[in-house]
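Report on one structure; see the data block that follows.
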Protein chains: 2
Amino acid sequence: MTQKIEIEEKVLSENDKIAAEIRKRMKEKNIISLNLVSSPGSGKTSLLEKTLSELKDKINMALIAGDVQTENDANRLIKAGGNMVKPIVTGGACHLDAKMVAQALNEMNLDKVKLLFIENVGNLVCPSSYDLGEDMKVALISATEGDDKPLKYPAMFRRAGIIVINKIDLLGLSDFDMDRVKKNALQINGNLKIFETSCRTGAGLDKWFDWLRNLV
Amino acid sequence: MTQKIEIEEKVLSENDKIAAEIRKRMKEKNIISLNLVSSPGSGKTSLLEKTLSELKDKINMALIAGDVQTENDANRLIKAGGNMVKPIVTGGACHLDAKMVAQALNEMNLDKVKLLFIENVGNLVCPSSYDLGEDMKVALISATEGDDKPLKYPAMFRRAGIIVINKIDLLGLSDFDMDRVKKNALQINGNLKIFETSCRTGAGLDKWFDWLRNLV
């Protein structure tokens, strides 16, 4: 196992090198990049669909959509108006790594892009370890998946700058407690900025859109 | 990367060896074992809580509850009446492996046990690769997390014997389509047995309990 860990450390340091190159390149191009992470089905693609619909005429956005299999998410984002959407099918890998992202970026025309979204594989554990050269990780959590998630998957919430608590239209239909999830998240990372949204009803999305507009 | 893959294959084959020992030992003791896998927050612990409440006087059950951090799930299971509950805190690892399970089993008195539940880390990707010596993987999917999950995370559904579609009380409140998720799951694995449950309302749990009673 020691051998495995050493090799993994080597892979991660190789990853960090590529991530640093991506970060430098994005900075030169004045592109802000956000790495969206969450459990499967928390609403990453839905949030990006809504964001495209709202902001596509105001902000030039590029999107990378990672999945273990299928290009379903990328197709949804194209349908929502994304004119620069690049799917990455990991073919089994449980996370995106910097090399995959660098390759995808090489195939995209980033000249006018101001904002890059990277939608990671749905997984609340492994993507936390892989720097993709993003400016910030945005962790989604849905109001149906349990308010103790920040405590049980702390690495992700420690490394995120933002959490989006999504599906708030379903609050009250489970034991999920909004105050408790916030308390748990802030206990892990006191600097987290928190949004509360429902991609279904649109509730709370305005604040997210405003924040993005201010960002770029 | 080749080197990493080789090491991983070695780790997996070491894992399979330990898993085979667990399987042999469980067979000798006449214990049926189920490995519960799902996204974070699909309801693995809730299903086990309900199962303990219903069957604890009829079937002698042991439970292993895996989490990246916290013993929250194990504590919930003890509160629900589990008198043989063993937590495994992986401390970062994204899955249980056979070695962790073997160690936990060594510390449990299995003499009268008929049914062993192993609650895996909430992760729809990595736990699919690790045989824990179980008789069957039971994959949960909640009716709020998207009906294309079997297509996007096929390995898990290919290796499962059963899927439990949970939170059916929330059907109709999202785009989740029951027929579509079943079709998608059966497209990946035509042998899947499917249960539909709500741990919140109790709907559908009787069939699950009946199936467990018949199993032991």
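Checked against (1) among the β-branched types (Val, Ile, Thr); (2) within 14 Å of chain A (Cβ to nearest Cβ); (3) farther than 17 Å from B:Ser39 by Cβ, B:Val113 meets all criteria but (2).
The set of residues in the range A:183-215 that are in a helix (DSSP H, G or I) and basic (Lys, Arg) comprises A:Lys183, A:Lys207, A:Arg213.
Conditions tested, residue by residue: (1) modelled with pLDDT of 95 or more; (2) of a type in the set (Val, Ile, Thr); (3) buried (at least 21 other Cβ atoms within 10 Å of the Cβ).
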residue	(1), (2), (3)
B:Phe117	yes, no, yes
B:Lys152	yes, no, yes
B:Val164	yes, yes, yes
B:Leu186	yes, no, no
B:Glu196	yes, no, no
B:Ala203	yes, no, no
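Only a single item in (1) touching a helix residue (DSSP H, G or I) at 6+ places or on another chain (Cβ under 8 Å); (2) under 20 Å from B:Ala155 (Cα atoms) is not met by B:Thr70, and it is number (2). Scanning the range A:104-134 for residues that are over 23 Å from B:Ala155 (Cβ atoms) and not hydrophobic (A, V, I, L, M, F, W, C) returns A:Asn106, A:Glu107, A:Asn109, A:Asp111, A:Lys112, A:Lys114, A:Asp131, A:Gly133, A:Glu134.
Yes/no matrix, rows are residues, columns are (1) surrounded by fewer than 21 Cβ atoms within 10 Å (Cβ to Cβ); (2) under 18 Å from A:Asp111 (Cα atoms); (3) out of contact with any Cys (no Cβ under 8 Å at 6 or more places or on another chain):
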position	(1), (2), (3)
A:Ala19	no, no, yes
A:Glu28	yes, yes, yes
A:Val37	no, no, yes
A:Leu48	no, no, yes
A:Met61	no, yes, yes
A:Ile64	no, yes, yes
A:Thr70	yes, no, yes
A:Asp73	no, no, yes
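Of all the residues that make up the range A:150-160, how many are assigned to a loop (DSSP other than H, G, I, E, B) and at the interface with chain B (Cβ under 10 Å from one of its Cβ atoms)? Qualifying residue count for the region: 1.
Selection of strands (runs of 3 or more DSSP E) fully inside the range B:1-107 by the criterion of at least 3 residues being within 14 Å of chain A (Cβ to nearest Cβ) returns B:61-67, B:85-89.
From A:Leu192, A:Leu170, A:Leu186, A:Leu205, grab the single residue that is within 12 Å of chain B (Cβ to nearest Cβ) and either farther than 18 Å from A:Leu36 by Cβ or not charged (D, E, K, R) (or both). Unique residue meeting the criteria: A:Leu170. Filtered by the rule that a residue be assigned to a loop (DSSP other than H, G, I, E, B), touching a residue at least 60 places away in the same chain (Cβ under 8 Å) and touching a strand residue (DSSP E or B) at 6+ places or on another chain (Cβ under 6 Å), the range B:108-137 gives B:Val113, B:Asn120, B:Leu132, B:Glu134, B:Asp135. Taking the range A:166-184 as the range and being crowded, with 17+ Cβ neighbours inside 10 Å and of a type in the set (D, E, K, R) as the test, the residues that pass are A:Lys167, A:Asp169, A:Lys182.
Residue by residue through the range A:119-137, note down the ones that are buried (at least 24 other Cβ atoms within 10 Å of the Cβ) and more than 14 Å from chain B (Cβ to nearest Cβ). A:Leu132, A:Gly133, A:Glu134 - these are the residues of the range A:119-137 that are buried (at least 24 other Cβ atoms within 10 Å of the Cβ) and more than 14 Å from chain B (Cβ to nearest Cβ).
Scan the range A:75-89 for residues that are among the aliphatic types (A, V, I, L, M) and surrounded by fewer than 22 Cβ atoms within 10 Å (Cβ to Cβ) and the total you get is 4. All conditions but one from (1) part of a helix (DSSP H, G or I); (2) surrounded by 15 or more Cβ atoms within 10 Å (Cβ to Cβ) apply to A:Asp147; the one that does not is (1). With respect to being within 12 Å of chain B (Cβ to nearest Cβ), more than 22 Å from A:Ile168 (Cβ to Cβ) and modelled with pLDDT under 95, A:Gly146 falls outside the description.
The values are calculated or read from the model by the stated rules, or taken from the named source; none is laboratory data. All figures in this text were calculated on a predicted structure; none of them were measured in a lab. FYI the Cβ positions are ideal-geometry reconstructions off the backbone, even for glycines, and counts take in every protein chain you see.
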